[in-house]
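Each value in this text was obtained by applying a stated rule to the coordinates, not by laboratory testing. Worth saying up front: this structure is predicted, and the values here are computed from it rather than measured. For neighbour counting, all protein chains shown are included, and Cβ atoms are generated from backbone atoms with ideal geometry for every residue, glycine included.
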Amino acid sequence: MGVEGIGARVARKEDKRFITGGGRYVDDMVVPGMKHAAFVRSPHAHADIKKIDVKAAKKMPGVIDVLVGKELKTDGIGNLICGWMVHSKDGSPMNMGAWSPLAVDRVRYVGDAVAIVVAETKGQARDAAEAVEVTYKEKKAVTDTVSALKKGAPQLHPEAPGNLIYDWEIGEAEATDKAIAAAHHVTTLQIVNNRLVPNAMEPRAALGHYDKAEDHYTCWTTSQNPHVARLVMSAFYNVAPENKLRVIAPDVGGGFGSKIFIYPEEIVCLWASKRTGVPVKWVADRTESFLTDAHGRDHVTEVKLAFDADNKMTAMKVDTIANFGAYMSLFSSSVPTYLYATLLSGQYNIPAIHCNVRAVYTNTAPVDAYRGAGRPEATYVVERVVETAARELGMSPAELRRRNFITEFPHQTPVIMNYDAGDYAASLDAAMKAADYAGFEKRREQAKKAGKLRGIGMSCYIEACGIAPSAAVGSLGAGVGLWESAEVRVNGVGTIEVLTGSHSHGQGHETTFSQLVADRFGVPLDSVSIVHGDTDKVQMGMGTYGSRSGAVGMSAIVKALDKVEAKAKKIAAHLMEADEGDIVIENGELKVAGTDKTVPWFQMALAAYTAHNLPEGMEPGLKEGAFYDPANFTFPAGCYICEVEVDPETGRTEIVQFVAADDFGNIINPMIVEGQVHGGIAQGVGQALLEGCHYDDNGQLITASYMDYCMPRADDLPSFQVSTSNTPCPSNPLGIKGCGEAGAIGSPPAVINAITDAIGNNDLTMPATAQKVWSILNAAKH
Amino acid sequence: MSEVSMSVNGREVSATVEGRTLLVHFLREHLGLTGTHVGCDTSQCGACVVHVDGKAVKSCSMLAAQAAGSQITTIEGLADGNDLHPVQAAFKEHHGLQCGFCTPGMIMAATDMIERHGPGNLDEATVRAELEGNICRCTGYHNIVKAILAASKTMAKGKGKAKKAA
């Protein structure tokens, strides 16, 4: 490792623009002639549209046009789709209801888009949106996950009788039931995984520009994967063929999954730009984001975990209902199935597992991947039931876990995944040491003297990243391949541009990807530029989610660098009249090993482009591309320990200590990795303590602003103690596992295990608000 | 419509704006100073914090007309030419930002915080309490708190005092 290479704690290259106000987000973009859009949205959770009267709105000051769903259909714009086919256990395909970008005859959740107003200013567009008269005939709504399946529940889509999208299973039901029947002890737990709103700080935005002369569209959008946006808008929504559509995702202010999906607004802005002849920009306000960004989680689960007389796990049975909201978002179907149930083995050797998942429609915002996507839900199930079992069995939670750890690799679980490497005891030991686990009882006693209830809880999570081997996910129903692409251009002066299909929206790719190149060729970090987020510049890419940029995106760069290195060595060997096998690259020079012959990197690059003296038959230039398709998922894992103090007078929980010990495989930049863990933990603690998305029975979202939805703030959180003990990932060239989601995956059960330990009552749902905890403590008194 | 004039980052500006124009929209849309961001509708997130006459203000909670005659400093005006303000430098050094969207507001709030308490006089609990009006979704605040404490110490050593609106 050099000072700027792999493993170095390098300050970020991208920071300069962000700390000086020079970031360029979609809302900062201005195109000549640009006008502003506002959407007319349903105030009802469920209603038939009887009439849309736009006459008054069209006469409002500054209004250019008001467009509705019928016109969109006339122009052939397609419905939104879910791109991952999941089959029910009876073999039938999932029941996908129609989702029109602008509702035509029925609205199904509060916020469903009905019309778009384009006007000279944002204020005028909003004023005119208020003047669009929509006549609705209200219908009964269902918002609750379990109620959606009940007999007589309001029905959302004719395609999905009983609101059931699929009834899916994984694992061996018979073997699992048999093992549970024969068990020495069975722990049963009912679990609710609370609905969350992702809340990237930059609201979603889209700017659509149709160029009539070229018959070409450009879309600036807040996307984690602009190429997928282009592909889907072209192939399914008939916006424009790919060669006529450029998608640009410039600086994007956080994603956390919510900006993976293609939403109605970018489709409608592009279409409206053609209809009106002006570039159309829409920027969500925060309440619009709450109403229409894809939400996360929202599972209701029963789990049974069986043990033999030695407290070894023998079987796990899980039954989950997952709320998908009013429409199936782009990857929604995969979240509670292949990203959830396949991780239910956790870090444990469990011979038999069976999981059944029913996905349901409700009159709420669509639900899809949110940081961790399925894996936090799985971890919460596993780590809550294991902790509960330890209490029931009268065993130390740490020792019960340790006794059941998987210790030999590769390990085939009963639920698809093949774990390739890990050392779970190492993470557990590291976390227990950092948390002074042994000294906890003393601290509990001290707290008691001060009138506080102190508790400790742990969580040993595993997750699957590096998404994913294309053939494998294809066989499971994915509509896309999940490889990544890269191109490395060495310029004539030796500077290097890396074009990547990964997209950075906070992850620091401009720094870490540059470190990779600097490490390989010994060139200064500043001579490397990372290009991403523009379909006209980067050939193709699958984008950033599922902690895949390192394991998959950087692996593609490595493959391209291999090709560049091979050609560079050939050129250098030719220039120095040496054998290419003797050429080594060090400190920005190509050397003949064991001699003092060298060619500086830039001189080799110049030779490639002047082409005056190249090996016979060699093409001029130095530019190589590569696609990397991963061989396996990667399996980051770790142990989190949370220590809390609950004030019995108020029910308020204070996190007094939070320790994270992770195994991320090899690390490119520890500073950035730590930052990812900090942020993930904050979101997990937010889920556990503060955040709860709540609809009332009529389907009104009553947590639709920062006044009502409790975001974690600086004074809700402690500083975190984070460390890593790493086992390299054997399946990719850099040995990387991924670190983007771990914090959000591992932390919620650690927090709830700690609070339930503190209050001596296991019957606690997230978020564990002061009111909820106080009520439990005081109910116990009476 | 009303005519407003003010000094922004040391430059006199004036424009005719709708009466309902907020200061943040005036800065972003009329002056093209897009470093100041809008992250919510309810003055909760703090992405729009600027300095008005030397004090941190959420520019979404103020009409442009109310700022008439004031001296405004935005994130674009905080550095001294190419020399970063110590708070900006500390955010970079301590990885106090990820996506960068909340960052301008964080930096403007932090600068004001350090000045109000006096450089070197901050502790972690105070910084966390003072940051109540600024939401970050990326960093978990860990490195933001670290950066502000470091900047506070640097400024106490006299290495660059917060630039007041000129």
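Provide the FRET efficiency to the nearest 0.05 for the residue A:652-residue A:596 pair, computing r from the beta carbons and using R0 = 45 Å.
On the way: r = 70 Å, r/R0 = 1.55.
The pair residue A:652/residue A:596 has a calculated efficiency of 0.05.
At a 10 Å Cβ-Cβ cut-off, how would you order A:693, B:48, fewest neighbours first? Please report the intermediate quantities before stating the final value.
On the way: A:693 22, B:48 27.
Exposure proxy ranking, most exposed first: A:693, B:48.
Rounded to the nearest 0.05, what FRET efficiency is calculated for residue A:395 and residue A:87 with R0 set to 45 Å and r the Cβ-Cβ distance?
Details: r = 40 Å, r/R0 = 0.89.
Using R0 = 45 Å, I get an efficiency of 0.65.
Enumerate by residue number the GluC sites (Glu not before Pro) in region A:575-613 meeting two conditions: DSSP loop (anything except H, G, I, E, B), and at most 15 other Cβ atoms within 10 Å of the site's Cβ.
Working: sites: A:577, A:580, A:586, A:589; in loops: A:577.
Hits after loop and neighbour filter: A:577.
Report, ordered by chain and residue number, the lysines lying within cross-link reach of residue A:569, taken as a straight Cα distance under 30 Å and ignoring same-chain residues fewer than 8 apart.
A:13, A:537, A:559, A:591, A:597, A:623
In percent, how large is the relative contact order of region B:2-77, given Cα pairs closer than 8 Å and 6 or more residues apart?
Details: 143 pairs, mean separation 29.9, N = 76.
Computed value for region B:2-77: 39 percent relative contact order.
Tell me, how many Å apart are the Cα centres for region A:76-106 and for region A:462-485?
Comparing the Cα centres of region A:76-106 and region A:462-485, I get a distance of 21 Å.
Can you tell me how region A:679-782 classifies by the Cα gyration tensor, rounded, prolate or oblate, using a/c under 1.5 as the rounded cut?
On the way: a/c = 2.50, a/b = 1.63, b/c = 1.53.
Since a/c reaches 1.5 and a/b is larger than b/c, the shape of region A:679-782 is classed as prolate.
May I ask you to list the residues of region A:227-263 whose amide nitrogen lies under 11 Å from a point 7 Å from Cα along the Cα→beta-carbon direction of residue A:536?
Taking a point 7 Å out along Cα→Cβ of residue A:536, the residues of region A:227-263 whose backbone N falls under 11 Å are A:245-248.
As a footprinting exposure proxy, order B:26, A:658 by other Cβ within 10 Å, with the fewest listed first.
Exposure proxy ranking, most exposed first: B:26, A:658.
With a/c under 1.5 counting as rounded, go ahead and sort region A:165-303 into rounded, prolate or oblate using the C-alpha gyration tensor (a ≥ b ≥ c being the square roots of the eigenvalues; past the cut-off, prolate if a/b is larger than b/c, else oblate). Don't jump to the answer; show the numbers that get you there.
Details: a/c = 3.94, a/b = 2.41, b/c = 1.63.
Since a/c reaches 1.5 and a/b is larger than b/c, the shape of region A:165-303 is classed as prolate.
If you line up the Cα atoms of region B:2-77 on their principal axes, what length do they span on each, largest first, in Å?
Dimensions of region B:2-77 along the principal axes of its Cα atoms: 28, 25, 20 Å.
What is the order of A:20, A:364, B:111, A:135, fewest Cβ neighbours within 10 Å to most? Before the final figure, lay out the partial values.
Details: A:20 21, A:364 29, B:111 25, A:135 11.
With the fewest neighbours first, A:20, A:364, B:111, A:135 line up as A:135, A:20, B:111, A:364.
Could you tell me which of rounded, prolate or oblate describes the protein assembly as shown, using a ≥ b ≥ c as the square roots of the eigenvalues of the alpha-carbon gyration tensor, with rounded for a/c under 1.5 and, failing that, prolate when a/b is larger than b/c and oblate otherwise?
Values: a/c = 1.23, a/b = 1.06, b/c = 1.16.
In terms of gyration-tensor shape, rounded.
Report the calculated FRET efficiency for residue A:442 and residue A:707 (r = Cβ-Cβ distance, R0 = 25 Å), to the nearest 0.05.
It comes out at approximately 0.05.
As a test of understanding, state the convex hull volume per residue of region B:100-148 from its alpha carbons, in Å³. Please report the intermediate quantities before stating the final value.
On the way: hull volume 3.3 nm³, N = 49.
Value for region B:100-148: 68 Å³ per residue.
For region A:459-524, what's the relative contact order in percent, using C-alpha pairs closer than 8 Å and at least 6 residues apart? Present the calculation step by step, with values, prior to reporting the outcome.
On the way: 43 pairs, mean separation 10.9, N = 66.
Answer for region A:459-524 is 17 percent.
How far is the Cα center of region A:561-581 from the Cα center of region A:416-432, in Å?
41 Å
How shielded is A:121-131 by partner chains, expressed as the average number of their Cβ atoms within 10 Å of its Cβ atoms? Before the final figure, lay out each step's value.
Numbers: counts 4, 2, 4, 1, 0, 0, 0, 0, 0, 0, 0.
Mean inter-chain Cβ contacts per residue within 10 Å come to 1.
List every DSSP H helix in chain A whose Cα atoms extend 20 Å or more along the helix's own long axis and whose mean Kyte-Doolittle hydropathy is at least 0.5.
Details: long enough: A:375-393 (26 Å, -0.31); A:555-576 (31 Å, 0.33); A:670-685 (22 Å, 0.52); A:742-759 (27 Å, 1.04).
Helices passing the filter in chain A: A:670-685, A:742-759.
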